[in-house]
Amino acid sequence: MSAKTKLNAFLAGLCLFGTLPRAQADAKAEAPSPTPITRPVDSYMRSRQHLIESYKPFLAELEGTRFNVYDDRGNAAVGWGYNFDINSPKKYALIQVAPKQVKGKVALKAKDMELLASDTLSFAEKQKKFPQYTLTEVSKTAAELKAASKPLGMDTSFAGSVYVMSAKKVNELNTVRLDEFIHEVENAVGLQRFYSWPEGARMAYLDMWYPARAKVLGYKFHKYMMAGNWELAATETWTSLQEKDHRRDITRAEWLLRLRVLPNDVEQTKAAYMKKLPGEYALHRAMGSFVENQAQENLEKLNALEKQKGSYGG
């Protein structure tokens, strides 16, 4: 029996840990427990944190990190979808960027936003880099941001002030929001079942939930995932015709199809992904790390299995 065959058999058994047998899982795939999960002392905290660290580099690239505190619809939001609570009295430290000229406009590219949000540049250094604008350090509540005149849609220039949050704070708020999403998925799938899945499967489901929310429960993708059929789930990694995103669909499928990768497969696997998404260097780096870690984990599991068999004289 080859190493890959042994690993397949091992992972097939592993995916059923803490879940229903596969035939029963198919029959009950449409009926996840509606009971909310309480979170006293969380025994899954380490796995959740590792999931966040693995998923974040992909999410940052697939969603695009926003430092300007307004989303495409003019709502007060940053990062990958952290929405400010307009009823909260909390104030946020921001840099206000305003045109110097009367009736002037602020036009900031993505790289400009990164510089303004940088935690390594001082405020004085940022002022020197953008002499065409008036930069002011301010504190605003979400209600104040909502009431302010703000850019709408995909505006590239704006006749008014643009507010930019520090990258460190955006990352902090992103983590808060991502943690909320993970708990939503845990409740929808079942805590024990979710953490019995390989991490790539968890990432794929989480990324489906990100744009679609609970609508995922009605998808074929959900049914296949609940049955532990990663290969079929990989054929259903799109959320809707309106939100079709081949970068995201391909990436989700790769997470599911590479769960059994071994060290000898790593370079070929990375090259195949790069060929599917040429020029996506940030995604290539993230996928490379995922595949390398997955291969190492699989090798360790395979070695442990061989050692266990040896101890029984198998």
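Key figures
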{"read-out": "Filter on 56/244; 56/126; 111/276 - keep pairs with C-alpha separation over 24 Å", "value": "56/126; 111/276"}
{"read-out": "Two-site label geometry, residue 156 and residue 306: point separation in nm, points 7 Å out along Cα→Cβ", "value": "5.7 nm"}
{"read-out": "In order through segment 167-177: 3J(HN,Hα) via Karplus (6.51 cos²θ - 1.76 cosθ + 1.60), integer Hz, x for Gly, Pro", "value": "4, 4, 5, 4, 4, 4, 5, 4, 5, 4, 5"}
{"read-out": "Efficiency of FRET between residue 292 and residue 231 - r from beta-carbon atoms, R0 25 angstrom, step 0.05", "value": "0.70"}
{"read-out": "Ellipsoid semi-axes in whole angstrom, largest first, where each is sqrt(5λ) of the Cα gyration tensor of segment 49-177", "value": "24, 17, 14"}
{"read-out": "Exposure proxy ranking, count of Cβ atoms within 10 Å, fewest first, for 86, 250", "value": "86, 250"}
{"read-out": "Rounded, prolate or oblate (a/c below 1.5 giving rounded, otherwise prolate when a/b exceeds b/c) for segment 171-310 by Cα gyration tensor", "value": "oblate"}
{"read-out": "Segment 110-201: translational diffusion in µm²/s, Stokes-Einstein, Kirkwood Rh over Cα pairs, 25 °C, 0.890 mPa s", "value": "147 µm²/s"}
{"read-out": "Volume per residue that the Cα convex hull of segment 171-217 spans, once the total is divided by residue count, Å³", "value": "73 Å³"}
{"read-out": "Backbone HN-Hα couplings from phi across segment 92-108 [Karplus 6.51/-1.76/1.60, Hz, Gly and Pro as x]", "value": "10, 6, 9, 9, 8, 10, 10, x, 7, 8, 4, 6, x, 10, 9, 10, 10"}
{"read-out": "Residue-by-residue Karplus 3J(HN,Hα) for segment 52-64, coefficients 6.51, -1.76, 1.60, Hz, glycine and proline x", "value": "4, 5, 6, 7, 3, x, 5, 4, 4, 7, 5, 8, x"}
{"read-out": "Simple label model, 7 Å out from Cα along Cβ direction - residue 101 to residue 275, nm", "value": "5.2 nm"}
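Bear in mind that the values in this text are calculations on the coordinates, not laboratory data. Quick caveat, the model's predicted, so the values are computed rather than measured. Using ideal geometry, Cβ is built from the backbone for each residue, glycine included, and neighbour counts are taken over all protein chains shown.
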